[in-house]
1. Here is a list: 99, 104. Which entry is buried (at least 16 other Cβ atoms within 10 Å of the Cβ) and within 30 Å of residue 269 (Cα to Cα)?
2. Report yes if some residue within the stretch 65-76 is farther than 19 Å from residue 100 by Cα, in the same structural domain as residue 133 (by TED's automatic domain parsing) and either touching a helix residue (DSSP H, G or I) at 6+ places or on another chain (Cβ under 7 Å) or of a type in the set (Ser, Thr, Tyr) (or both); otherwise report no.
3. So residue 152 ticks every box in (1) surrounded by fewer than 17 Cβ atoms within 10 Å (Cβ to Cβ); (2) outside the structural domain of residue 283 (by TED's automatic domain parsing) but one. Which box is left unticked?
4. For the stretch 176-228, what are the residues that are more than 23 Å from residue 242 (Cα to Cα) and among the β-branched types (Val, Ile, Thr)?
5. Within the stretch 116-134, which residues are within 12 Å of residue 30 (Cβ to Cβ), of a type outside the set (A, V, I, L, M) and surrounded by 16 or more Cβ atoms within 10 Å (Cβ to Cβ)?
6. Which condition number in (1) over 19 Å from the mean Cα position of the chain (by Cα); (2) in a loop (DSSP other than H, G, I, E, B) is the one that residue 295 fails?
7. Out of (1) touching a residue at least 60 places away in the same chain (Cβ under 8 Å); (2) under 23 Å from residue 25 (Cα atoms), the odd one out for residue 232 is which?
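The values are calculated or read from the model by the stated rules, or taken from the named source; none is laboratory data. On a predicted model such as this, the values are computed, not experimentally measured, just so you know. Cβ atoms come from the backbone with ideal geometry, glycine included; neighbour counts cover every protein chain shown.
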Amino acid sequence: MKGKFVDVGKPNLPRFTRFIAIPAQGKVTFQITSKSNEVIQDITVYPRQTLSSDSKKQDNSFVIDEEFYNNEVIFPGEIVEIGSPAIMRDFRIVPITINPFQYNPLENKLSIFTNLEITLECDGFNGLNKKTKQHKKSKYFESTYRSTILNYDFDLHDNGEFQEPCYLFIYPDNANVENILQILADWKHQKGFDVVMANTSETGTTLNEIKNYIQNAYDNWENPPEFVCLVGDAGGNFSIPTGHLDGGMYNGEGDHVYSTLEGDDILADVFLGRLSFNSLLEARTVISEWKEDYNINRPHSSLGYLTPEKFRLTFEKKVKEINTLKVA
């Protein structure tokens, strides 16, 4: 994950972060065992400016931290930074941030670290976010692991044994909604999913009750849900409540709270979605469009990046060609 410092007025320098899989418990520390760098002299690194916003009037004034630029203070102060451990469903991970550039404003000198060797250690039985739950691994999370965890190697974990794929639908206690949703549930089951449909008479109707139902499923089911779909809008006649985030950089409603099921962190432990509708007709339309998008418009890596419909037509064409050759 590439990024930049958010300190407005300080040097606008890039940095990048990688997740590292670590043992289920223990305090994490690191050491820089070797490093090499190049130095560029007589260079000015301009300060980061305020991000533009479509919702706010743009302030085009130039921002600079005069105190920093007039002192011999190296920025950033650390080459390597380690974050707090977190849980991403099957793994305990820790973010490691590399700052490959350091700037000295008084000398106009930029150091570029071209090679770093870092040793990560995890000792003891303490540490933040100990992983206590052990399930079979999720096949559907594997692509996320491979793309985000630097040292991910599935061969080292449970000999590649995956859980049965599981889909959980939570919907309002309404017989008509259930009948419409059954079409989607049956389709998911045909695709190989263990499908569970739970209405609000089972889960409860409040955010906390529904979250507790999902939490229990994640903790105790033989095949914990990998996909959770909330069927209904945040209000109206067919409602499933949503959460609300207050304070910090982001404010407003959102469903993310339902997906954080393990560890004191913000990483989702299930894939979460919502089918919003305000009428039964709209529910039928949404489900029909979902199936159409999946079958007609969306390529799948397992099908050679063809859509299911294109794959079906290609397969039928091949079978016809083979049968023609046999007859000839």
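1. 99
2. Yes: the stretch 65-76 contains one or more residues that are farther than 19 Å from residue 100 by Cα, in the same structural domain as residue 133 (by TED's automatic domain parsing) and either touching a helix residue (DSSP H, G or I) at 6+ places or on another chain (Cβ under 7 Å) or of a type in the set (Ser, Thr, Tyr) (or both).
3. Only one criterion in (1) surrounded by fewer than 17 Cβ atoms within 10 Å (Cβ to Cβ); (2) outside the structural domain of residue 283 (by TED's automatic domain parsing) is unmet by residue 152, namely (1).
4. Within the stretch 176-228, 183 is the sole residue that qualifies.
5. 122
6. (2)
7. Every condition holds for residue 232 apart from (2).
Per-residue answers, yes or no, for (1) closer than 25 Å to residue 182 by Cα; (2) in contact (Cβ under 8 Å) with a residue 40 or more places away in the chain; (3) not small (Gly, Ala, Ser):
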{"residue": "262", "(1), (2), (3)": "no, yes, yes"}
{"residue": "272", "(1), (2), (3)": "yes, yes, yes"}
{"residue": "276", "(1), (2), (3)": "yes, yes, no"}
{"residue": "283", "(1), (2), (3)": "yes, yes, no"}
{"residue": "289", "(1), (2), (3)": "yes, no, yes"}
{"residue": "293", "(1), (2), (3)": "yes, no, yes"}
{"residue": "297", "(1), (2), (3)": "yes, no, yes"}
{"residue": "304", "(1), (2), (3)": "no, no, no"}
